[in-house]
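A.B. asks: Please find one structure pasted underneath; my questions will follow.
The values are calculated or read from the model by the stated rules, or taken from the named source; none is laboratory data. No experiment lies behind these values; they were computed from the predicted model shown. Using ideal geometry, Cβ is built from the backbone for each residue, glycine included, and neighbour counts are taken over all protein chains shown.
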Ligand SMILES: Nc1nc2c(ncn2[C@@H]2O[C@H](COP(=O)(O)OP(=O)(O)OP(=O)(O)O)[C@@H](O)[C@H]2O)c(=O)[nH]1
Ligand SMILES: [Mg+2]
């Protein structure tokens, strides 16, 4: 039986709220292949970015306890559009096309990059980017380019290690190493999260982190800054 205390009225920073939020209906809103096709910027968004095949779609499915909400693929570069899901009518989860897929046609890579760049640098309701990094591979040149671009556009981002079930016992070490890298980036959150979409590791913590964004006043249509 599902425990009951979860509540939409629990404060946004609490686990109760996070568990309630991610147990709600999550529906597909739009798949955009161009900037004009983006849905209106009228709801907070958190986006999942990362190299092709890093596990973005799998992580969204794990967070929302769906098997196939976001399409998971054995073929790298499968998600070619920006895909929007709306959770409880309160928050959008955004599945970005993977980058760094070398076998894609050049023209296609250029248009993906333009679309992602435009989205990441010009989306006023984008609250945070989760930058997914394969725990076995660490930061690649393409990741560093994206980090630099996010620093420039002052979009706060947090690194999330994926596929930690395949890493064995070195997870803490990988977190520490990449955390050291992140510390040099002004827009990067200092804490590196470790997850496994298949084993569920770190998923609850990520839900809590995402739900917590709703507790912060910035971007909520009210002036940030004054307490009370
Ligand atoms: N072992 C393991 N495999 C995973 C995990 N997450 C994803 N995978 C596998 O990695 C592959 C790619 O996963 P996706 O979720 O499609 O990755 P993606 O980043 O959305 O890929 P693109 O949309 O193509 O950029 C699939 O075969 C998944 O089953 C994980 O936590 N552990
Ligand atoms: Mg995908």
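A.B. asks: Take residue 71 and decide whether it is farther than 22 Å from residue 199 by Cβ, at pLDDT below 90 and within 11 Å of ligand 2 (Cβ to nearest atom). Talk me through it step by step, then tell me what you get.
C.D. replies: On the way: farther than 22 Å from residue 199 by Cβ: no; at pLDDT below 90: yes; within 11 Å of ligand 2 (Cβ to nearest atom): yes.
No.
A.B. asks: Condition check: more than 14 Å from the chain's Cα centre (by Cα), at pLDDT below 90 and either buried (at least 20 other Cβ atoms within 10 Å of the Cβ) or part of a helix (DSSP H, G or I) (or both). Does residue 109 satisfy that?
C.D. replies: Yes: the conditions hold for residue 109.
A.B. asks: Give region 181-206 a look and list any residue that's more than 10 Å from ligand 1 (Cβ to nearest atom) and closer than 10 Å to residue 62 by Cα, or say none. Give the steps one after another, and end with the answer.
C.D. replies: So in region 181-206, the residues more than 10 Å from ligand 1 (Cβ to nearest atom) come out as 181-194, 204-206.
Matches in region 181-206: 204 only.
A.B. asks: How many residues does region 185-201 hold that are buried (at least 21 other Cβ atoms within 10 Å of the Cβ) and in a loop (DSSP other than H, G, I, E, B)?
C.D. replies: 4
A.B. asks: Given the conditions (1) away from ligand 2 (no atom under 11 Å from the Cβ); (2) at pLDDT below 75; (3) in contact with a strand residue (DSSP E or B) (Cβ under 9 Å, 6 or more places away or on another chain), which single one is not true for residue 79?
C.D. replies: That leaves (1) as the condition not met.
A.B. asks: Return the residues of region 9-25 that are without any contact (Cβ under 8 Å) to a residue 40 or more places away in the chain and under 17 Å from residue 46 (Cα atoms); say none if nothing qualifies.
C.D. replies: Selection gives nothing.
A.B. asks: For region 162-169, state whether one or more residues are free of Cβ contacts under 8 Å to residues at least 24 places away in the same chain and out of contact with any strand residue (DSSP E or B) (no Cβ under 8 Å at 6 or more places or on another chain).
C.D. replies: Yes, that holds for at least one residue.
A.B. asks: List pairs: first in region 74-99 and farther than 22 Å from residue 140 by Cβ and outside any strand (DSSP E or B), second at pLDDT 90 or above and within 11 Å of ligand 2 (Cβ to nearest atom), Cβ under 9 Å, 6+ apart or cross-chain?
C.D. replies: Pairs that qualify, where the first residue is farther than 22 Å from residue 140 by Cβ and outside any strand (DSSP E or B) and the partner is at pLDDT 90 or above and within 11 Å of ligand 2 (Cβ to nearest atom), are 81/95.
A.B. asks: Assess whether residue 59 counts as being part of a helix (DSSP H, G or I), at pLDDT 90 or above, within 21 Å of residue 195 (Cβ to Cβ) and within 12 Å of ligand 1 (Cβ to nearest atom).
C.D. replies: yes
A.B. asks: Has region 31-52 got any residue that is within 12 Å of ligand 2 (Cβ to nearest atom), within 17 Å of residue 205 (Cα to Cα), at pLDDT 85 or above and in contact with a helix residue (DSSP H, G or I) (Cβ under 7 Å, 6 or more places away or on another chain)? Working first, answer last.
C.D. replies: Keep residues of region 31-52 that are within 12 Å of ligand 2 (Cβ to nearest atom), which gives 31, 48-52.
Retained after the next criterion (residues that are within 17 Å of residue 205 (Cα to Cα)): 48.
Retained after the next criterion (residues that are at pLDDT 85 or above): 48.
With in contact with a helix residue (DSSP H, G or I) (Cβ under 7 Å, 6 or more places away or on another chain) added as a condition, the list becomes 48.
Yes: region 31-52 contains one or more residues that are within 12 Å of ligand 2 (Cβ to nearest atom), within 17 Å of residue 205 (Cα to Cα), at pLDDT 85 or above and in contact with a helix residue (DSSP H, G or I) (Cβ under 7 Å, 6 or more places away or on another chain).
A.B. asks: Scan region 112-140 residue by residue and report those that are over 23 Å from residue 211 (Cα atoms), touching a residue at least 24 places away in the same chain (Cβ under 8 Å) and in a helix (DSSP H, G or I).
C.D. replies: 112, 115, 116, 117, 118
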